[in-house]
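Contents: one structure, followed by commentary.
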Amino acid sequence: MYVPSHFAENRIEVLHQLIRARPLATLVTLNAEGLNANHIPFEIDPDPPPLGTLRGHVARANPVWRAFSREGEALVIFRGPQAYISPSWYPSKTESGEVVPTYNYIVAHGYGEMKIVDEREWLRSLVTRLTNRFEAGGEAPWQVTDAPAVFIDKQLGAIVGVEIALTKLIGKWKVSQNRPAKDRAGVLQHLSESTDAECVAMAPWVKDKAPA
């Protein structure tokens, strides 16, 4: 991924924050037929430091867990908010007219060797953690133990775990930090006032990346 220095996000805690907020990722692996992409939610464990470990699961019927190449690393892509940025939002437009549209976005790329975990209790622990996390805050949170034990055991047999100890974690936060302060302020105002959920979600990141 091309990452100019002014768009680089190197804070591990911020990258982990993105992964927790947007856990559905694109898992890219290589097999005999070429590149293969799958879309699955991951959890991030901060251990071992400094980068941590990603864990998720795929359907046993999905050939990815058998067919991926062990000779290279897997790539996992997490995407945050994205938003079109109009040049009309820049006050500098009225001064020189030398402005163009762009697109703001947030992404994190994680790399590491993918390990397959086919252990029932490991899988039970993983799906329990994921369930508890995503059900938290609901009016009547569903729990794994709400379903018959025999049924859950059968479902666990239909999935396989994947674990990736990260060797590299790259963040790209393209959030208007290359624009003058007055233009960033214009972007932040329009994003904050938008009715589009992605624009509203982008606004805090534009504010966070503003130079002190």
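Nothing in this text is a laboratory measurement; each read-out follows from the coordinates by a stated rule. Predicted model, so just to flag it, every value in this text is computed and none were measured. Ideal geometry is used to build each Cβ from the backbone, glycine not excepted, and the neighbour counts take in all protein chains shown.
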Span per principal axis, largest first, for the Cα atoms of region 125-212 (Å): 61, 38, 20
Relative contact order (%) - the chain, alpha-carbon pairs under 8 angstrom, separation at least six: 25 percent
Loop sites in region 122-211: GluC sites (Glu not before Pro), DSSP, at most 13 other Cβ within 10 Å: E139
Cβ-based exposure ranking for R124, R184, in which fewest neighbours within 10 Å come first: R124, R184
Relative intensity, log₁₀ I(q)/I(0), of region 61-174 from a Debye sum that treats every alpha carbon as a point, q = 0.11, 0.12, 0.22 Å⁻¹: -0.63, -0.70, -1.20
Set K172/K207; K172/K209; K168/K207; K115/K168; K115/K172 screened for pairs whose C-alpha atoms are more than 19 Å apart: K168/K207; K115/K172
Sequence-distant residues sharing a close amide H with M114 (under 5 Å, placed H): A74
Equivalent ellipsoid semi-axes - Cα gyration tensor, the chain, angstrom: 38, 21, 14
Three-way shape label, region 28-99, alpha-carbon gyration tensor, a/c 1.5: prolate
